[in-house]
1. Might you work out the accessible area of E17 for me, using a 1.4 Å probe with all protein chains in place, and round it to the nearest 10 Å²?
2. Give the carbon-plus-sulfur fraction of the accessible surface of the chain in %, rounded to a whole number; probe 1.4 Å, heavy atoms of protein chains only.
3. Would you work out the charge dipole size for the chain about its Cα centre, treating the Cβ of every Lys and Arg as +1 and the Cβ of every Asp and Glu as -1, and quote it to the nearest 20 debye?
4. Once the whole set of protein chains is in place, how much accessible area is left on T71, using a 1.4 Å probe, in Å² to the nearest 10?
5. Quick check: with the 1.4 Å probe, what order do D53, D45 take by accessible area, largest first?
6. Using amide H atoms built in the peptide plane, which far-off residues or other-chain residues are under 5 Å from Y66 H to H?
7. Which of the lysines could be linked to K9 by a straight reach, that is with a Cα gap under 23 Å, when you skip same-chain ones fewer than 8 residues away?
8. Over the chain, what is the relative contact order in percent, taking alpha-carbon pairs closer than 8 angstrom and at least six residues apart?
Amino acid sequence: MKETNEEMKPIIKLLEEMKSKFDSIQLPKKYYRNKNLKEFFGLSDNTIISYRDQNILPFTKLGEIYYYPITEIDNLLSKNSNFDLFGNRF
């Protein structure tokens with residue numbers, strides 16, 4: 001039995017290293033939450049609520065948590081930008 005344990009040690013070590021690498025991988029986020037909108041865009045709680053009520057911000061609600069799709073927020077920002085006035089310098 002000791003020989004089997006000794007033979008397995010390198011395999012176990014390799015598996016542990018692989019697991020730690022997989023655990024450290026973060027998948028790209030697909031949704032913002034209220035705290036992200038406040039942090040990234042400087043929006044207040046009241047502004048976020050107002051934008052939701054006016055259907056300016058697309059959202060999904062699960063329980064009491066609101067989720068805002070990042071791709072839709074990016075599209076909204078692009079659609080409402082004036083970057084084309086600057087000759088695509090950005």
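1. Result for E17: roughly 90 Å² accessible.
2. Carbon plus sulfur share of accessible area: 55 percent.
3. In total the dipole reaches around 180 debye.
4. 90 Å²
5. Result, largest first: D53, D45.
6. Amide H neighbours of Y66: N34.
7. Correct list for K9: K19, K21.
8. 22 percent
The values are calculated or read from the model by the stated rules, or taken from the named source; none is laboratory data. As the structure is a prediction and not an experimental result, all values here were calculated from the model. All Cβ positions, even for glycine, are placed from backbone atoms using ideal geometry, and neighbour counts span all protein chains on display. Keep in mind that these areas ignore ligands, DNA and RNA; they rest on the heavy atoms of the full protein, side chains included. Shrake-Rupley method; radii C 1.70, N 1.55, O 1.52, S 1.80 Å.
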